[in-house]
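Beneath this line is the structure, given in structure tokens, with notes to follow.
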Amino acid sequence: MPFCAAFGCNSRHKKDSGVSLFRFPKDAGRRKAWTIYCRREDFSPTDNNRLCSLHFSKEQLDRDPEKLKENGYADPRIRLRKDAFPDIPLSLGKPQDENATISFPPRKPRGAYVKRQRADVIQQVLTEMEPRSNEEEPTSATQSEDEPHLHGAQAAPESDEPPRATVLTEVSIPHQPPVGKPKGIQTSLRPPQRTRRIQVSMSTDSTVQTVSTAVQCSSLSDGIPLRVAAGLVVPEAVPHHLAADSDTEDEDPPTHEPDPDFDPLAEDSDSDEEPEEDSVGAYPLRISALPEEERHFLVSETSLAKLLQHCDICGELCQTSVQFTRGTMIGTVSVCSNGHSSQWESQKSHQGMPWSNLLLAGSIVFSGLNISKCLRFLQHLKVPAFSASTFNRIQSAYVVPSILFTWDFHQAELLDMYQDRMLTLGGDARCDSPGFCAKYGSYTLMDLENGKVLDFQLVQSNEVAGSTHMELEGLKRGLRRVEEAGIEVEALVTDRHGMVKKYMRTEHPDKKHYFDVWHLAKGISKKLDLAAKKRDCEDIRLWVKSSVNHCYWVAASSGDDENMKEEKWSSLVEHVTNRHENCHHGVLNEERQWLREGSRAHKLFRDVVESKFLMKDIGKLSPLHQTYGLEVFHSVVNTFAPKSTHFFYPAMLARLSVAALHFNENGHRNQAVTKAGELQWHISYPKGKKGEHAVVKPNKTPITYGYVDILRLNLVERRLQLPSYPAATADGKATLGYQPPPLTSGYIAVNKQDLITTHRTRFA
């Protein structure tokens, strides 16, 4: 006997009861609405489920049964409209009898669904263990001093976010008899300070004891919990107290490893359900989520109007209007014909600031986007957003300090790993091109063994005598920073910058100073190409590639013997004339275009190869480590901080930090393989070869962005601790520490109106 599927409804199919039962519609949208109306947990309607006519008003019926009876139709059949929805509010009180809650036996859940449920339960347990110190306050009580007053703004509902712990220590349960009593852990973490102090103060007011379980991890942190990788908590193992009467010997030991097959964003591949049911519930919506974990969706205006068109109280049609906008957040008011009014806000906020405003500003910097282009993109899409000035305030108060804190913590961990070790570092500068602003120069020090960026220094041109001195100043600061961290530098590999050569020779004679082969070979090839353009010297161009290869061979085969490097390099002058008395190669049978000894081409070739300045540097060629990793890092920096775009000093420093985090996480990706296990390659035409020779390059595994999760977490934590713009801005300046004055500070101030008055054009 069919029952009504609505929660608390006692209706069933009986003759002469006056109640009709209707099947659930096949249309996905209406079927979902009917399912939600039933208010049953984990309810998925089948062909056997029904909904009775008591939940539909006359407006949803195709014909009025009372009028049909008046016209002589006995016991008329009730029919619904094709677009009918249950519109009579459902009573959520307890049913009057036990039979009212009868439901059909559930079907066997799918494997992926069980995994998702298990992950949700674990997350709920974790959040219940972490009491949040900063609860969200209603926006109607007080308007934030840093947000402009908006006409018609309504009170925001209280936060339903999961609780968050300001300080939390992950503990584990040892599989051995416990000793001692349970003990809460109170910790405070501050990484070693540089010129910038840490942005957040770690509260130690709460004593929290938790059990480590499957938590969200970051690829940048090599599988450690996200809050530990973000520098917000310290992992410590604490004995877990078990009750004396608890019996755990017969139970299997709990496993806390994350399920490697679970991917909440991947499509479910199980085939034991019908295709149309696979998509239902694939993305379960959460009514409670932390701001940094919450997903966001684009919803069109018409779809939002349909969602809010019915009154929550009486089910009548409503007139909905947008009452206010606050950046990416909107607030609506719905009024029905019966006078009922309801308010709705598109997102949660924290003391007047919508969370999406904060996260959008952070995502722009985390992605290396340009604010003007990003806002123009949203404008073209007709998506409301904040202004550029609001972005600048959020960036200065929250985004930049949280990025600097994350990089400082990550750098402190790296430097701690290299304590009391002899390292070979690579150093190179990236300066703005004179065609752009020529304002900044950044110098990077990288561990050439592991390819990790250990430190970078940002130098502004007015801090030194001139823009050509920025590279030397950056190297001085970088070496000082590394040595203060207790790291011994055995060797340094750089380019052939003249000031750097003298500085290393005079100030650091105990360190080996090598030159990168690529930089030196590049200079040789340019000079040979220039010589080949002269009259009767075209044959030199045929020896450019061989000369570059010879340079690499000299560096790789001579070790640290400088005299041998010079002798091997000088032999190239005799080799190009077909004289091979001391050459290490075998007999050459192929025909070559040899240079005639004493010819003009041979003299110019000798002048380049045996140049006085070149011969001094040949002996210092690096025999093993090269700086090509730094060139790759510079290309990453160009993604986050293009040379064609001007950034103020704090923003430039933050974007360099994001680039370093990105490179350290993705600098050593493995080569991708096919399903059959074969390595993947792709064809490339190098620019330097001018399309003459094609090469193959390995396809790498996809890029990961685990560091973004850490940045987003620290960004939200900073907002929770410093909800006021003035306080956050002042703390941000203190976090940044020293900031050089702008370039215009040394210029003579002029009157703008005077310049306008005297302004003339040559073609007026």
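The values are calculated or read from the model by the stated rules, or taken from the named source; none is laboratory data. As the structure is a prediction and not an experimental result, all values here were calculated from the model. Glycine also receives a Cβ, built like all others from the backbone with ideal geometry; neighbour counts cover every protein chain displayed.
Quick one: which residue in Ser402, Ser433, Ser467, Ser461 is of a type outside the set (Phe, Trp, Tyr) and at pLDDT 95 or above? Before you say what the answer is, go through the steps one by one.
Values: Ser433 fails: at pLDDT 95 or above; Ser467 fails: at pLDDT 95 or above; Ser461 fails: at pLDDT 95 or above.
Just one listed residue meets the conditions, Ser402.
Of the residues Leu572, Leu614, Leu621, Leu588, which single one is in contact with a Leu (Cβ under 7 Å, 6 or more places away or on another chain) and either assigned by TED's automatic domain parsing to the domain that holds Leu458 or of a type in the set (A, V, I, L, M) (or both)?
So the residue among Leu572, Leu614, Leu621, Leu588 that is in contact with a Leu (Cβ under 7 Å, 6 or more places away or on another chain) and either assigned by TED's automatic domain parsing to the domain that holds Leu458 or of a type in the set (A, V, I, L, M) (or both) is Leu621.
Take Arg669 and decide whether it is outside the structural domain of Ala531 (by TED's automatic domain parsing), among the charged types (D, E, K, R), at pLDDT 95 or above and within 22 Å of the chain's Cα centre (by Cα).
The answer is no for Arg669.
Looking at the range 308-323, can you tell me whether even one residue there is modelled with pLDDT under 95 and touching a Gly at 6+ places or on another chain (Cβ under 6 Å)?
Yes: one or more hits.
Tell me yes or no: at least one residue of the range 707-716 is among the aromatic types (Phe, Trp, Tyr), within 30 Å of Leu358 (Cβ to Cβ), out of contact with any strand residue (DSSP E or B) (no Cβ under 6 Å at 6 or more places or on another chain) and not in a loop (DSSP other than H, G, I, E, B). Break it down into steps so the answer makes sense when it comes.
Quick first cut of the range 707-716, residues among the aromatic types (Phe, Trp, Tyr) only: 707.
Checking the rest, the ones that are also within 30 Å of Leu358 (Cβ to Cβ) come to 707.
Filter again for out of contact with any strand residue (DSSP E or B) (no Cβ under 6 Å at 6 or more places or on another chain), leaving 707.
With not in a loop (DSSP other than H, G, I, E, B) added as a condition, the list becomes 707.
Yes, the range 707-716 contains at least one residue that is among the aromatic types (Phe, Trp, Tyr), within 30 Å of Leu358 (Cβ to Cβ), out of contact with any strand residue (DSSP E or B) (no Cβ under 6 Å at 6 or more places or on another chain) and not in a loop (DSSP other than H, G, I, E, B).
State all residues of the range 21-54 that are polar (S, T, N, Q) and either outside the structural domain of Pro65 (by TED's automatic domain parsing) or under 24 Å from Lys306 (Cα atoms) (or both); if no residue qualifies, say none.
Matches in the range 21-54: Thr35, Ser44, Ser53.
Across the range 743-764, what is the number of residues that are part of a loop (DSSP other than H, G, I, E, B) and touching a residue at least 12 places away in the same chain (Cβ under 8 Å)?
Total meeting the criteria: 0.
Leu404: buried (at least 17 other Cβ atoms within 10 Å of the Cβ), farther than 30 Å from Thr328 by Cα and hydrophobic (A, V, I, L, M, F, W, C), yes or no?
No; evaluated as a whole, the condition is false for this residue.
Testing Val544 on (1) touching a helix residue (DSSP H, G or I) at 6+ places or on another chain (Cβ under 7 Å); (2) in contact (Cβ under 8 Å) with a residue 24 or more places away in the chain; (3) β-branched (Val, Ile, Thr), one condition comes back false. Which one is that?
If we test Val544 against (1) touching a helix residue (DSSP H, G or I) at 6+ places or on another chain (Cβ under 7 Å); (2) in contact (Cβ under 8 Å) with a residue 24 or more places away in the chain; (3) β-branched (Val, Ile, Thr), just (2) comes out false.
Which one of these does Arg655 not meet: (1) of a type outside the set (A, V, I, L, M, F, W, C); (2) loosely packed, with under 13 Cβ neighbours inside 10 Å; (3) in contact with a helix residue (DSSP H, G or I) (Cβ under 7 Å, 6 or more places away or on another chain)?
The failed condition is (2).
Evaluate the following for Leu614: is it surrounded by 15 or more Cβ atoms within 10 Å (Cβ to Cβ), of a type outside the set (Lys, Arg) and not in a loop (DSSP other than H, G, I, E, B)?
Details: surrounded by 15 or more Cβ atoms within 10 Å (Cβ to Cβ): yes; of a type outside the set (Lys, Arg): yes; not in a loop (DSSP other than H, G, I, E, B): yes.
The answer is yes for Leu614.
Taking the range 338-359, which residues are of a type outside the set (Gly, Ala, Ser), crowded, with 21+ Cβ neighbours inside 10 Å and in contact with a strand residue (DSSP E or B) (Cβ under 9 Å, 6 or more places away or on another chain)?
If the condition is that a residue be of a type outside the set (Gly, Ala, Ser), crowded, with 21+ Cβ neighbours inside 10 Å and in contact with a strand residue (DSSP E or B) (Cβ under 9 Å, 6 or more places away or on another chain), then Met353, Pro354, Trp355, Asn357, Leu358 are the ones that fit.
Sort out which residues of the range 635-644 are surrounded by 14 or more Cβ atoms within 10 Å (Cβ to Cβ) and more than 19 Å from the chain's Cα centre (by Cα), and write them in order of number.
Lys643
Which ones in the range 404-426 are among the aromatic types (Phe, Trp, Tyr) and over 18 Å from Gly478 (Cβ atoms)?
Selection gives Phe405, Phe409.
Of Thr424, Thr444, which residue is of a type in the set (Ser, Thr, Tyr), surrounded by fewer than 24 Cβ atoms within 10 Å (Cβ to Cβ) and part of a strand (DSSP E or B)?
Values: Thr444 fails: surrounded by fewer than 24 Cβ atoms within 10 Å (Cβ to Cβ).
Just one listed residue meets the conditions, Thr424.
Looking at the range 625-641, which of its residues are in contact (Cβ under 8 Å) with a residue 40 or more places away in the chain and not aromatic (Phe, Trp, Tyr)?
Step one: list which residues in the range 625-641 are in contact (Cβ under 8 Å) with a residue 40 or more places away in the chain, which gives 625-631, 633-634, 637, 639-641.
Correct list: His625, Gln626, Thr627, Gly629, Leu630, Glu631, His634, Val637, Thr639, Ala641.
Restricting to the range 458-501, what's the tally of residues that are outside any strand (DSSP E or B) and in contact with a Lys or Arg (Cβ under 8 Å, 6 or more places away or on another chain)?
Within the range 458-501, residues that are outside any strand (DSSP E or B) and in contact with a Lys or Arg (Cβ under 8 Å, 6 or more places away or on another chain) number 3.
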